[in-house]
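Okay, so here's the structure we're looking at.
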Amino acid sequence: VELGDTVLKGQLIAEAKGFVSANHHAPTSGIITAIEENAIAHTSGLTGTCIEITCDGKDTWVDHFGEKNYLEADPKLLIQLIKKAGITGMGGAGFPTHVKASANPEKIDTLIINAAECEPYITSDDMLMREHAVEVIKGIEILCHILKPEQCLIGIENNKPQAIEALQRSISNLESNTHNIQVASIPTKYPSGGEKQLIQILTGQEVPNGGLPADIGVLLQNVGTAHAIYQAIGKGEPLISRITTVTGDACQQPRNYRVLLGTPVKDLLTQANANLNKTNRLIMGGPMMGITLQDTNTPVVKTTNCLIAASKHELPDPAQEQACIRCGMCTQA
């Protein structure tokens, strides 16, 4: 797109370069008013090129339609539709989903859906499963049709009883469960949501050092990614929004919000009635794996599962560093 272009919701505005890359689409209708450097969600704190859309308030969609008989479609076509929709992993590093889905089906016997939110504060996937369990299961069916695994395990922590019930009900309503989709409840323990840890908990197998899950016949996808896959293939909608937890002591209305990608963090904090004067640290992600934001103009991205506006009491400044006295406690930690 160029400056001054009018775009519609769902329109492609940035095309992927290379295989391991993802398309970006307009999250709403409006006019391209800037293509410039802006703060981005990255641990480096550096800026990146961003496209700014001034919304017209109409939220007008581009023409779009889904694939009717997607469980009978050629898996290669479905992978192309996933690529076209710009879907990436929505729980980790944001790896393009079409790359993972292109794995050789003959080498994959177990598909694992990661529905474990092991970090405190984050409840976005929990809410997604409660509210959209049917669409999540449909997305998992599409992945099973592409990869043809012998079994599909949905790894979910036992502190999410409502989500577990919703998923089990949706599975029981399937016309046929040919790929043996089942919910596997696991203990609520950090870091069980990590890829390698979850594989070991569910299968008893360990990913080789320096290897990939596919080396032991396993492929993982996030539960949010499965939902996005159904949205793309069943409805023809690209990935332009996600559920994000907004919380922390500085928020007067901590909630889960359906957020358009590209929304400035400051607008989301305003929606949650957050007090920036009370905010000691602003974290995108969880308290363990998240990154500290320096600029509230940072946009929400595909991997933004949580935003924590923490008070000084909640997340105090780190203690002053001291010289090592060789106590050895670090090895136990």
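In table form, for the structure just shown:
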{"read-out": "Qualifying residue in the range 241-252 (condition: within 22 Å of Leu315 (Cα to Cα), open to solvent by 30 Å² or more (accessible area, probe 1.4 Å) and out of contact with any Asp or Glu (no Cβ under 8 Å at 6 or more places or on another chain))", "value": "yes"}
{"read-out": "Qualifying residue in the range 36-45 (condition: open to solvent by 50 Å² or more (accessible area, probe 1.4 Å), touching a residue at least 24 places away in the same chain (Cβ under 8 Å) and in contact with a His (Cβ under 7 Å, 6 or more places away or on another chain))", "value": "no"}
{"read-out": "Set Val1, Val62: member being in contact with a Lys or Arg (Cβ under 8 Å, 6 or more places away or on another chain) and touching a residue at least 12 places away in the same chain (Cβ under 8 Å)", "value": "Val62"}
{"read-out": "Selection from the range 18-35 of residues that are closer than 24 Å to Asp295 by Cβ, within 20 Å of the chain's Cα centre (by Cα) and open to solvent by 30 Å² or more (accessible area, probe 1.4 Å)", "value": "His24"}
{"read-out": "Subset of the range 60-73 that is assigned to a loop (DSSP other than H, G, I, E, B) and more than 23 Å from Glu15 (Cβ to Cβ) - its residue that is least open to solvent (accessible area, probe 1.4 Å)", "value": "Ala73"}
{"read-out": "Which numbered condition Asp126 fails, given (1) among the acidic types (Asp, Glu); (2) assigned to a helix (DSSP H, G or I); (3) modelled with pLDDT under 95", "value": "(3)"}
{"read-out": "Those residues of the range 111-121 which are touching a Phe, Trp or Tyr at 6+ places or on another chain (Cβ under 9 Å) and buried (at least 20 other Cβ atoms within 10 Å of the Cβ), in sequence order", "value": "Cys118"}
{"read-out": "Counted residues, the range 273-290 - those being surrounded by 19 or more Cβ atoms within 10 Å (Cβ to Cβ) and farther than 27 Å from Pro191 by Cα", "value": "1"}
{"read-out": "Single residue of the range 205-227 satisfying the filter (of a type in the set (Gly, Ala, Ser) and open to solvent by 10 Å² or more (accessible area, probe 1.4 Å)) that is nearest to Ile82 (Cα to Cα)", "value": "Ala214"}
{"read-out": "Failed condition for Val99, given (1) touching a helix residue (DSSP H, G or I) at 6+ places or on another chain (Cβ under 7 Å); (2) of a type in the set (A, V, I, L, M); (3) surrounded by fewer than 21 Cβ atoms within 10 Å (Cβ to Cβ); (4) farther than 17 Å from Ile243 by Cα", "value": "(1)"}
{"read-out": "Hits in the range 285-332 - residues which are under 29 Å from the mean Cα position of the chain (by Cα) and small (Gly, Ala, Ser)", "value": "Gly285, Gly286, Gly290, Ala309, Ala310, Ser311"}
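Quick grid of which residues meet (1) without any contact (Cβ under 8 Å) to a residue 40 or more places away in the chain; (2) on the phi < 0 side of the Ramachandran plot; (3) exposed (fewer than 14 other Cβ atoms within 10 Å of the Cβ):
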residue	(1), (2), (3)
Thr123	no, yes, no
Met129	no, yes, no
Leu143	no, yes, no
Leu147	no, yes, no
Gly155	no, yes, no
Ala163	no, yes, no
Ser170	yes, yes, no
Gln182	yes, yes, yes
Thr203	no, yes, no
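The values are calculated or read from the model by the stated rules, or taken from the named source; none is laboratory data. If you're wondering where the values come from, they're calculated on a predicted model, not measured in any experiment. Here Cβ is always computed from backbone atoms with ideal geometry, including for glycine, and neighbour counts include all displayed protein chains. Side chains included, ligands, DNA and RNA excluded: accessible areas come from the protein's heavy atoms. Shrake-Rupley method; radii C 1.70, N 1.55, O 1.52, S 1.80 Å.
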